[in-house]
């Protein structure tokens, strides 16, 4: 058997459905082997697009998404998606080509040490030097990519190894069993929660990776304990729940932080310090129970008093069964915060000024999308507004990244979502800066005949950094730019472009886009004038008065 054929057989054996790729000369044997495979090859216009699509596949399915690139610049362009998947807990496999390793073909042309480059940002990286080891290395890479905490893996497949004849058989995939938490640790957690006066539940990204929704909902219903989420934990419990306080989108001085400050115990489910820590601890002031698949990495602002390590779902189920409501629990302050949050978040939902406020956009999208429809976000200041203001009814219906927080991921992520869920409406919300980093993937979306709505929030600036610049007291400088005509730009790819001129015009256009086929782009002028007065000034004043 040819080595490249064995590689493809090993991928098929792992259940791979797609390979997202921008191939090069060194991938041609593997490309030829894919020709007769049931695996679908999706060619993208940049390696980042391929990597972000693969990572999103992993995020939503729990199975490694696979992407492929050539050596040198192809491999270096996968570095950002690799870090995106690694920090975000998304299983992904990268395959890169390489010049022949048994003899020199072109001296050092394009050659860098890709394996060493990938080492700090992957769970596993190897060069295949013996074709008879292909099957075992693919199996090991997949095992590690899926194992908690999931992440990125990488195999380098040199050109001459791919061409070899080899003897090899694929390996039967082995199911990965996550051990259950120790009963003593669970008993100690029950004791700590019962003794607390104001326990508060935090739901993080790890709880969004597994089927924890029912267990956590039962836990909250049984105890009456209030909860909040990190940005990547949104939607694990329906956010219309009476005990939901909100999402931690700011580092400090928000209503949630006032609640966290008052709580004497945080029950932390599925969070780690890669997500921006939503609370800062001072020794002796607050206790934390860390419930996760692995122990906490102690950090200067995060040092839990108890680790409950094992399968999150079974742990939460058992806690819910053992815990009893305590008469000394006092949730009155949390109820006050919930009331404040409700009044604050909805204040500008019906403000129809134009250019449009991000709060208004959040409300209009929530009104026009069904519970199961999905929004993907790029990274920018609007991410804070969506994290705080958009109400999720189901998990993974607002996809954002608060681990690497890379720009350029919003459009490729939306494309992958639509491929996985063709019957759901999918909207990519991108800033003009993030959109232009991978805007060329519009061609891929059109070629794949995807029905997709893209909303570009156009302020002709790097809005997030301008917001930070103002908050830090610096002068407005160096962050403005010009944009292309996005309507014509969309049309040049075979998509449809729209530019609303009023609130009502946007509503009409949005309805049209959500209910029509093809790729539809809306160039929406956005008003960020309230970013600083609300997020930097007003919130601090309100929180201090609680």
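The values are calculated or read from the model by the stated rules, or taken from the named source; none is laboratory data. Here the structure is a predicted model, which means the values were calculated and not measured. All Cβ positions, glycine included, derive from the backbone under ideal geometry; neighbour counts span all protein chains shown.
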Checklist entry - Of the residues 70, 56, which single one is closer than 14 Å to residue 408 by Cα, touching a residue at least 24 places away in the same chain (Cβ under 8 Å) and touching a strand residue (DSSP E or B) at 6+ places or on another chain (Cβ under 9 Å)? => result 56
Item to check | residue 504, sole failed condition from (1) part of a loop (DSSP other than H, G, I, E, B); (2) modelled with pLDDT of 95 or more; (3) more than 28 Å from the chain's Cα centre (by Cα) | outcome: (1)
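Quick grid of which residues meet (1) out of contact with any strand residue (DSSP E or B) (no Cβ under 6 Å at 6 or more places or on another chain); (2) modelled with pLDDT under 95; (3) on the phi > 0 side of the Ramachandran plot:
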| site | (1), (2), (3) |
| --- | --- |
| 305 | no, yes, no |
| 313 | yes, yes, no |
| 327 | yes, no, no |
| 346 | yes, yes, no |
| 362 | yes, no, no |
| 373 | yes, no, no |
Item to check | Counted residues, region 401-412 - those being in a loop (DSSP other than H, G, I, E, B), surrounded by 24 or more Cβ atoms within 10 Å (Cβ to Cβ) and at pLDDT 95 or above | outcome: 2
Item to check | Answer from 474, 506 - the residue that is within 24 Å of residue 415 (Cα to Cα) and assigned by TED's automatic domain parsing to the domain that holds residue 389 | outcome: 506
Checklist entry - Yes or no: residue 184 farther than 26 Å from residue 63 by Cβ and part of a helix (DSSP H, G or I)? => result yes
Checklist entry - In region 449-464, is there at least one residue being at positive phi, touching a strand residue (DSSP E or B) at 6+ places or on another chain (Cβ under 7 Å), assigned by TED's automatic domain parsing to the domain that holds residue 355 and surrounded by fewer than 18 Cβ atoms within 10 Å (Cβ to Cβ)? => result yes
Checklist entry - Can you name the residue in region 380-400 that is under 26 Å from residue 469 (Cβ atoms) and in a loop (DSSP other than H, G, I, E, B) and, of all such residues, is nearest to the chain's Cα centre (by Cα)? => result 400
Checklist outcome for this item: Of the candidates 78, 6, the one satisfying the condition of being over 30 Å from residue 231 (Cα atoms), modelled with pLDDT of 95 or more and buried (at least 21 other Cβ atoms within 10 Å of the Cβ) is 6
Checklist entry - Of the residues that sit in region 129-167 and are assigned to a loop (DSSP other than H, G, I, E, B) and touching a residue at least 60 places away in the same chain (Cβ under 8 Å), which one is nearest to residue 33 (Cα to Cα)? => result 163
Checklist entry - With respect to residue 209, is the statement that it is over 20 Å from residue 288 (Cβ atoms), in contact (Cβ under 8 Å) with a residue 40 or more places away in the chain, outside the structural domain of residue 399 (by TED's automatic domain parsing) and out of contact with any strand residue (DSSP E or B) (no Cβ under 6 Å at 6 or more places or on another chain) true? => result yes
Checklist entry - Do we find that residue 88 is within 19 Å of the chain's Cα centre (by Cα), surrounded by fewer than 24 Cβ atoms within 10 Å (Cβ to Cβ) and in contact (Cβ under 8 Å) with a residue 40 or more places away in the chain in this structure? => result no
Next on the checklist: Looking at region 234-244 only, could you name the residues that are surrounded by fewer than 24 Cβ atoms within 10 Å (Cβ to Cβ) and either more than 25 Å from residue 404 (Cβ to Cβ) or in the same structural domain as residue 403 (by TED's automatic domain parsing) (or both)?
Outcome noted: 238, 240, 241, 242, 243, 244
Checklist outcome for this item: Residues in region 457-472 that are farther than 10 Å from residue 380 by Cα, touching a residue at least 40 places away in the same chain (Cβ under 8 Å) and assigned to a strand (DSSP E or B) total 1
Checklist entry - Could you count how many residues in region 504-534 are touching a helix residue (DSSP H, G or I) at 6+ places or on another chain (Cβ under 7 Å) and surrounded by 17 or more Cβ atoms within 10 Å (Cβ to Cβ)? => result 11
Checklist entry - Among the residues of region 187-218, which ones are in a helix (DSSP H, G or I) and under 17 Å from the mean Cα position of the chain (by Cα)? => result 206, 207, 208, 209
Checklist entry - What helices (runs of 4 or more DSSP H), lying completely within region 245-359, carry at least 2 residues that are outside the structural domain of residue 84 (by TED's automatic domain parsing) and more than 27 Å from residue 148 (Cβ to Cβ)? => result 255-262, 332-345
Checklist entry - Which residue pairs have Cβ atoms closer than 8 Å, lie 6 or more positions apart in sequence or on different chains, and pair a first residue in region 364-376 that is outside the structural domain of residue 396 (by TED's automatic domain parsing) and part of a strand (DSSP E or B) with a second residue that is surrounded by fewer than 20 Cβ atoms within 10 Å (Cβ to Cβ) and modelled with pLDDT of 95 or more? => result none
Next on the checklist: Condition (residue is crowded, with 24+ Cβ neighbours inside 10 Å, touching a strand residue (DSSP E or B) at 6+ places or on another chain (Cβ under 7 Å), in contact (Cβ under 8 Å) with a residue 12 or more places away in the chain and farther than 21 Å from residue 391 by Cβ) applied to region 222-233: is it met by at least one residue?
Outcome noted: no
Next on the checklist: Considering only residues that are at pLDDT 85 or above and either touching a strand residue (DSSP E or B) at 6+ places or on another chain (Cβ under 6 Å) or loosely packed, with under 13 Cβ neighbours inside 10 Å (or both), which ones fall in region 168-185?
Outcome noted: 181, 183, 184, 185
